[in-house]
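Take a look at the structure set out below.
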Amino acid sequence: MPHTLSILLQNEAGTLLRVAGLFATRSCNIDALTVRATDDPSIARMVLEVRGDVPALDRLVQKARRLVDVLEVEQSPP
Amino acid sequence: MNAQPNPPAIHPRAGQPLTGAEVIVQVLADEGVQMLFGYAGGAILPVFDALYRHNATHAGEDGREPMPLVVPANEQGAGFMAAGYARASGKVGVAIVTSGPGATNMVTPVQDCMADSIPLVVVCGQVGTAALGSDAFQEAPVHHLMGACAKHVFLVTDPARLEATLRSAFMLARSGRPGPVVVDCPKDVQNAALRFHGEGELALPGYRARLRRSDQAALSDAECVAFFEALRRARRPLLYAGGGVVAAGAAPALRAFADAFGLPVTTSLMGIGAVDTRAPLALHMLGMHGTAYANYAVEDCDFLCALGARFDDRVCGAPDRFAPRARFLAQVDIDPGEVGKVKPVHWQHVGPLARALDRLTAWGRAHGVRPDLAEWHAHLARSKRDHAMNYDRASPLIQPQAVLEAIDRHAQGRAIVSTGVGQHQMWAAQWLAFREPRQWLTSGAMGTMGFGLPAAVGAQLARPDSLVIDIDGDTSIRMNAGELETIARLELPVKVLVLDNGGDGMVRQWQRLYYGGRFAASARPGRRRDFVRAAQADGFAWARRLDDRNALEQTIAAFLAFDGPAFLEVAIDPDACVYPMVGPGASYAQMVTGPHIASREAAAPLAAAGAMF
Ligand SMILES: Cc1ncc(C[n+]2csc(CCOP(=O)(O)OP(=O)(O)O)c2C)c(N)n1
Ligand SMILES: [Mg+2]
């Protein structure tokens, strides 16, 4: 089932790679990925459409929430 | 946690012009760093030069340097020394290495610290910012490599952010769930002309918000009521303590909590020392090679509370069959990602362990909670006696367990012990007593062979007055054998014990069990290393090999009593196995206790008693 993740992160070199890498390397396919700065230019929003089984995805979301430069992870459907 | 975590309100050097390298050294000093581990190279020379000058100008009257640098044989050694220092002291370990190979040699210790939640700060040199991405000499993608395994990595490209970045690295390493933080520092940033501020950290809004949330988390009355309601109904409660208890400094709170309500405690490999292993209600380690009585207690318990423990696959290989009779599972952890990750729980709390435990103790006391657990205590006492650890005491060959018993008689649970990885590590975990946390230093979640020797160096430097023993395997020790020379050079009184079973014992144990006894890669016929001569060549004045079991007691006594570095190789039974064993993916009901430890099946009356539950 496709899931959409919306992730707020610090808008810095390396952050994008770390977050996307988390999903790309763990049997979770990324169908679409967009990143853009928010009104606060120091913060970016990344939107990922991913496929993977739900427990694996939940684990990845927990891992993403642990990343130092991640502010928020929202998952839909949760 | 370090000696001087709070620099004075206005830093005496605030406003001074410093180079980037001098800024790095000053921040290290401000963070209370008292010992550095590192290896030089072109891309980090400015930092080492600034350190040299700092140590020369700030040396004490006795010539003592404020931040002595310990140089290993290999950067991996520096990483594990810093980790051993951190594990034994509770302070942040610091390692400084050069770019390229210096940094890549540090990947293993960084991943090891991440896996065991050990606070570490690594400063790496890097090629100049203009050369980044040009395949320059000794350029490695540190940001990518370390980003995948560290708690966090910074590549400092803006010299103005260097000071705040390094200070933040310490905050990240020690706060929340501790871990390793890498600061990748291009050479031109080290040489930049800066003005020192003496204060300031990076914003890190997401991390700080989460930290604030968990730091402020407090157990409500309703949560305490629910916890004690379940405990009141329980007849066979059990606490399962992990490395988080040690990391959080929560051992005293755990002991007070367990004592207040008479709760027995089993610990994971990383949790050893959280309670005094000699206490009547301490069941020692659980899991794949846990004691039979700890694993039976997990089978029997009707209430299980995990504290700073994560149900990893060496403890909980079959999650759906783990603690099958537990009607109530509780978990307290600093990391929300660990709660319910493996095993769904009925009650949970995310926050600092010591505070949660203090609160539960106070609440239970105030409400007169006094569970009557006499029957459970009696059952556990019987189980400890009937399923006690044991081994082949009649064998003419030296048994590894006998060596450890002899060490224990001298050390009395007071030694700091590091290990390699394999059978010797599990025997040491099973057979040695530990009175306090931070005495047992082992590569738990990564299982990195070669950890023992450098970790012992770091531990001895952190606690110079303690007896530090590296209990190593004959193949693990070779992975960082270069550090034998470091021990002798620094004249550290580390005791290095090699349990020599002629190879990769743990690999052979698995090959015997699961691969029809085909010793692929683990049988290495031919010439063997002469450890004693190697140790002597490296400068060990006391180096012996023991093959006669009758000389065991006196040899161990002389070994431990020697005033200086000592090396002892003990030729042990090459076929000795680690028991009990719960196979990978198996449940505790499938535990094999081996030929010398009574299982429940063997002791029929007890099996019946177990079945009663
Ligand atoms: C760096 C590394 N490589 C490989 C392994 C796999 N491994 C686990 S235990 C072991 C054998 C260790 O032999 P030794 O140090 O002699 O200990 P013993 O089991 O014989 O006591 C090996 C190869 C590992 N844990 N770490
Ligand atoms: Mg061996």
Filtering the range A:47-73 down to residues that are under 17 Å from residue A:14 (Cβ atoms) and in a loop (DSSP other than H, G, I, E, B), which residue is nearest to the other protein chains (Cβ to nearest Cβ)? A:68
In this structure, does residue B:516 turn out to be away from ligand 2 (no atom under 16 Å from the Cβ), at positive phi and of a type outside the set (Phe, Trp, Tyr)? yes
Reported set for the range B:433-448 where residues are within 16 Å of ligand 2 (Cβ to nearest atom) and surrounded by fewer than 21 Cβ atoms within 10 Å (Cβ to Cβ) is B:447
Matching option when the condition is away from ligand 2 (no atom under 16 Å from the Cβ) and among the small types (Gly, Ala, Ser), among B:523, B:428, B:488, B:481: B:488
Considering residues that are assigned to a helix (DSSP H, G or I) and within 20 Å of residue B:326 (Cβ to Cβ), the number found within the range B:264-300 is 10
Candidates B:344, B:324 - the one that is outside any strand (DSSP E or B) and in contact (Cβ under 8 Å) with a residue 60 or more places away in the chain: B:324
Here is a list: B:459, B:445. Which entry is within 20 Å of residue B:110 (Cβ to Cβ), of a type outside the set (Lys, Arg), more than 14 Å from chain A (Cβ to nearest Cβ) and more than 16 Å from ligand 1 (Cβ to nearest atom)? B:459
Of the criteria (1) modelled with pLDDT under 95; (2) in contact with a Phe, Trp or Tyr (Cβ under 9 Å, 6 or more places away or on another chain); (3) more than 11 Å from chain A (Cβ to nearest Cβ), which one residue B:143 fails: (3)
Please report, ordered by residue number, the helices (runs of 4 or more DSSP H) entirely within the range B:470-568 with at least 1 residues that are within 12 Å of ligand 1 (Cβ to nearest atom), modelled with pLDDT of 95 or more and small (Gly, Ala, Ser). B:476-479, B:505-514
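Okay, residues lined up against (1) surrounded by fewer than 19 Cβ atoms within 10 Å (Cβ to Cβ); (2) within 23 Å of residue B:199 (Cβ to Cβ); (3) at pLDDT 95 or above; (4) not assigned by TED's automatic domain parsing to the domain that holds residue B:450:
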site: B:103; (1), (2), (3), (4): no, no, yes, yes
site: B:129; (1), (2), (3), (4): yes, no, yes, yes
site: B:134; (1), (2), (3), (4): yes, no, yes, yes
site: B:154; (1), (2), (3), (4): no, yes, yes, yes
site: B:160; (1), (2), (3), (4): yes, yes, yes, yes
site: B:170; (1), (2), (3), (4): no, yes, yes, yes
site: B:176; (1), (2), (3), (4): no, yes, yes, yes
If you go through the range A:12-20 one residue at a time, do you hit one that is away from chain B (no Cβ under 13 Å) and touching a helix residue (DSSP H, G or I) at 6+ places or on another chain (Cβ under 7 Å)? no
Count, please, the residues in the range B:146-168 that happen to be within 12 Å of another protein chain (Cβ to nearest Cβ), in contact with a Gly (Cβ under 8 Å, 6 or more places away or on another chain) and small (Gly, Ala, Ser). 3
Just need a number here: residues in the range B:186-233 that are away from chain A (no Cβ under 14 Å), outside any helix (DSSP H, G or I), within 33 Å of the chain's Cα centre (by Cα) and at negative phi. 5
Looking only at the range A:30-42, decide whether some residue is under 10 Å from the mean Cα position of the chain (by Cα), surrounded by fewer than 20 Cβ atoms within 10 Å (Cβ to Cβ), within 26 Å of residue B:146 (Cα to Cα) and free of Cβ contacts under 8 Å to residues at least 12 places away in the same chain. no
Given the structure, is residue A:44 part of a strand (DSSP E or B), out of contact with any Pro (no Cβ under 9 Å at 6 or more places or on another chain) and within 13 Å of chain B (Cβ to nearest Cβ)? yes
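Yes or no, residue by residue, for (1) more than 17 Å from residue B:72 (Cβ to Cβ); (2) in contact with a helix residue (DSSP H, G or I) (Cβ under 9 Å, 6 or more places away or on another chain):
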{"position": "B:464", "(1), (2)": "yes, no"}
{"position": "B:474", "(1), (2)": "yes, yes"}
{"position": "B:480", "(1), (2)": "no, yes"}
{"position": "B:494", "(1), (2)": "no, yes"}
{"position": "B:520", "(1), (2)": "yes, yes"}
{"position": "B:524", "(1), (2)": "yes, no"}
{"position": "B:529", "(1), (2)": "yes, yes"}
{"position": "B:546", "(1), (2)": "yes, yes"}
{"position": "B:560", "(1), (2)": "yes, yes"}
Return the residues of the range B:427-437 that are part of a helix (DSSP H, G or I) and more than 8 Å from ligand 1 (Cβ to nearest atom); say none if nothing qualifies. B:428, B:429, B:430, B:431
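The values are calculated or read from the model by the stated rules, or taken from the named source; none is laboratory data. Source: prediction; values computed, not measured. Positions of Cβ are backbone-derived with ideal geometry, glycine not excepted, and every protein chain shown enters the neighbour counts.
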